[in-house]
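I have placed the structure first, in the form of structure tokens, so that the comments after it can refer back to it.
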Amino acid sequence: MDAVGRSSVWTIDRENVITSVGGDWDAFAESNDAASLCGSSVVGRSLFDFISGEETQRIYRLLLRRVRAVDAPVIVPFRCDSPEMRRHMRLEIEPLSERAIEFRGVLVAAEPRPHLRLLARNAPRSKALLVSCSFCLHMRLPDGEWVEAEDAVVRLGLLTLERTPRLAHGICPACKAKLYGRRDDMGKPPATS
Ligand SMILES: [Zn+2]
């Protein structure tokens, strides 16, 4: 469990349909509760069935375009936490022949933490929505600041609540800047020259 270097691999075809999953995928899917980048998958379905949030989907489309256009791998850091474990991951997106793509999620570092109800799949939820960054898992506070989940729990006083907010997926400005390259070219296709 949670050995650094563990990886899961999945591939998609030119239409972004999942064609295989392998490596430690099942172990990851079982131990993961809340992150949107991991989770169980079914071969034959669109990759985008498993990516929550409009903006996250947009970033993925951009990354796939970039990988196919330049025919070179792209590496994206992300978090794939469970309620008891912070997991720092690296997503390697690599072009294959015929516009197929291989994704490899590699565990870079894992640190245990006290159980975080906010990330537990079966926790009772209120109607309140908390936006979580799909890549770094930081949470957006009402004042617009993005903080680690533990800090959000303290700052929002979530421990005293009977129900914890529902999570929605978005992207924080830091990850957005990293993934788009620049803040001001959001949504535009990447330069391929
Ligand atoms: Zn982020």
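Overview of results
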| item | result |
| --- | --- |
| Any pair with Cβ under 8 angstrom, 6 or more apart, that starts in the stretch 14-25 at a residue that is at negative phi and modelled with pLDDT of 95 or more and ends at one that is surrounded by 14 or more Cβ atoms within 10 Å (Cβ to Cβ) and part of a loop (DSSP other than H, G, I, E, B) | Arg14/Ala100 |
| Residues satisfying the stated conditions in the stretch 137-150, i.e. part of a helix (DSSP H, G or I) and either away from the ligand (no atom under 16 Å from the Cβ) or open to solvent by less than 20 Å² (accessible area, probe 1.4 Å) (or both) | Ala149 |
| Residues satisfying the stated conditions in the stretch 90-104, i.e. open to solvent by 10 Å² or more (accessible area, probe 1.4 Å) and not basic (Lys, Arg) | Glu92, Glu94, Pro95, Leu96, Ser97, Glu98, Ala100, Glu102 |
| Verdict on Glu98 being out of contact with any helix residue (DSSP H, G or I) (no Cβ under 6 Å at 6 or more places or on another chain) and in a strand (DSSP E or B) | no |
| Counted residues, the stretch 40-66 - those being part of a loop (DSSP other than H, G, I, E, B) and closer than 28 Å to Arg117 by Cα | 6 |
| Test: residue in the stretch 67-82 that is part of a helix (DSSP H, G or I) and closer than 13 Å to Ile12 by Cβ | yes |
| Search result, residues across the stretch 151-177 that are within 16 Å of the ligand (Cβ to nearest atom) and either open to solvent by less than 50 Å² (accessible area, probe 1.4 Å) or closer than 12 Å to Met139 by Cβ (or both) | Asp151, Ala152, Leu167, Ala168, His169, Gly170, Ile171, Cys172, Cys175, Lys176, Ala177 |
| Within the stretch 119-136, tally of residues that are outside any loop (DSSP other than H, G, I, E, B) and either acidic (Asp, Glu) or within 16 Å of the ligand (Cβ to nearest atom) (or both) | 5 |
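The values are calculated or read from the model by the stated rules, or taken from the named source; none is laboratory data. Note that the structure is predicted; figures quoted are calculated from it, not measured. Reconstructed Cβ throughout: ideal geometry from the backbone, glycine too, with neighbour counts over all protein chains shown. SASA here: full protein model, heavy atoms, side chains in, ligands and nucleic acids out. Shrake-Rupley method; radii C 1.70, N 1.55, O 1.52, S 1.80 Å.
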